1. For LYS192, indicate whether it is among the basic types (Lys, Arg) and over 27 Å from LEU11 (Cβ atoms).
2. Mind checking which pairs have a first residue in region 142-155 that is among the charged types (D, E, K, R) and a second that is in a helix (DSSP H, G or I), Cβ under 8 Å, 6 or more apart or different chains?
3. Any residue that is within 18 Å of ALA73 (Cα to Cα) and touching a residue at least 40 places away in the same chain (Cβ under 8 Å) - is there at least one of those in region 92-99?
4. Within region 26-37, track down each residue that is over 16 Å from the mean Cα position of the chain (by Cα) and free of Cβ contacts under 8 Å to residues at least 60 places away in the same chain.
5. So which of ASP191, ASP126 ends up being at pLDDT below 95 and of a type in the set (D, E, K, R)?
6. Within the group ASP203, ASP176, ASP107, which residue is assigned to a loop (DSSP other than H, G, I, E, B) and at pLDDT 95 or above?
7. If only one of LEU134, LEU147 is more than 16 Å from the ligand (Cβ to nearest atom), under 24 Å from ARG46 (Cα atoms) and surrounded by 20 or more Cβ atoms within 10 Å (Cβ to Cβ), which one is it?
8. For the condition assigned to a helix (DSSP H, G or I) and crowded, with 16+ Cβ neighbours inside 10 Å, what is the one hit in ALA80, ALA73, ALA37?
Amino acid sequence: MGELHIIDHPLVQHKISLLRDKNTGTKEFRELVSEIAMLICYEATRDLPLKEIEMETPLAVAKTKIISGKKLAFIPILRAGLGMVDGVSKLVPAAKIGHIGIFRDPDSKAPVQYYCKLPDDISERDSIIVDPMLATGNSAVAAIEELKKLGVKHIKFMCIICSPEGVEAVKAAHPDVDIYAGVMDERLNEDKYIVPGVGDAGDRIFGTK
Ligand code: URA
């Protein structure tokens, strides 16, 4: 059964506060998204299985542990999810990166998939979808559906800020998926933005507004 994990580590909370500041510029915003993604990813990968190996140190042979052959993929939802890739791939450099492009129809707010490029062996990889804002949950639900269609068995969803509505939507459609978030905000506004949130995360990461 999937769970909601709120990563209440002080560093995550502090950096989210800086993200919220309307005076935080593009460069700093992008760096913060990357750092927060790395910190949340640290928790989202906590259950990776380990195996014991022997490693020769300059002094002796140590029995020590490495991650045991789990193959991972990170799947940013375009566009804002791209801002999290740098941070998560620094932590797990062997992971492959797939991309799913979904936009919200401005009128209906329904998700429209316009791009999908995933590793060939995606069905053999544990996948972590990344998107900084889990708002209505429509894009997350659609991205998870796409991965499940391709045979992916273990899927996690990572975001920085979630809304109660988004979490409910993902839980209802995909109760097996764990959600990792830095914080849950109050609500969505009439334009389906998270309040208080950070505004449009894509625009703030890429400086398009
Ligand atoms: N996407 C954003 O960038 N911000 C929100 O608040 C909701 C969706």
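The values are calculated or read from the model by the stated rules, or taken from the named source; none is laboratory data. Because the structure is predicted, anything quoted here is derived from the model rather than measured. Note that each Cβ is placed from the backbone with ideal geometry, even for glycine, and that neighbours are counted across all protein chains shown. Heads up: the accessible areas ignore ligands, DNA and RNA and are worked out on the full protein's heavy atoms, side chains in. Shrake-Rupley method; radii C 1.70, N 1.55, O 1.52, S 1.80 Å.
1. Details: among the basic types (Lys, Arg): yes; over 27 Å from LEU11 (Cβ atoms): yes.
Considered against the rule, which asks whether it is among the basic types (Lys, Arg) and over 27 Å from LEU11 (Cβ atoms), LYS192 comes out as yes.
2. Cβ pairs passing all conditions: GLU145/ALA173; LYS153/SER123.
3. So the first thing to find is which residues in region 92-99 are within 18 Å of ALA73 (Cα to Cα), and the list is 92-99.
Adding the requirement that they be touching a residue at least 40 places away in the same chain (Cβ under 8 Å) leaves 92.
Yes, there is a match, as at least one residue in region 92-99 is within 18 Å of ALA73 (Cα to Cα) and touching a residue at least 40 places away in the same chain (Cβ under 8 Å).
4. Quick first cut of region 26-37, residues over 16 Å from the mean Cα position of the chain (by Cα) only: 26-29.
Scanning region 26-37 gives LYS27, GLU28.
5. ASP191
6. Details: ASP203 fails: assigned to a loop (DSSP other than H, G, I, E, B); ASP107 fails: at pLDDT 95 or above.
Selected residue: ASP176, the only one of ASP203, ASP176, ASP107 that is assigned to a loop (DSSP other than H, G, I, E, B) and at pLDDT 95 or above.
7. Numbers: LEU134 fails: more than 16 Å from the ligand (Cβ to nearest atom).
Checking each option against the conditions leaves just LEU147.
8. Working: ALA80 fails: assigned to a helix (DSSP H, G or I); ALA73 fails: assigned to a helix (DSSP H, G or I).
The match here is ALA37.
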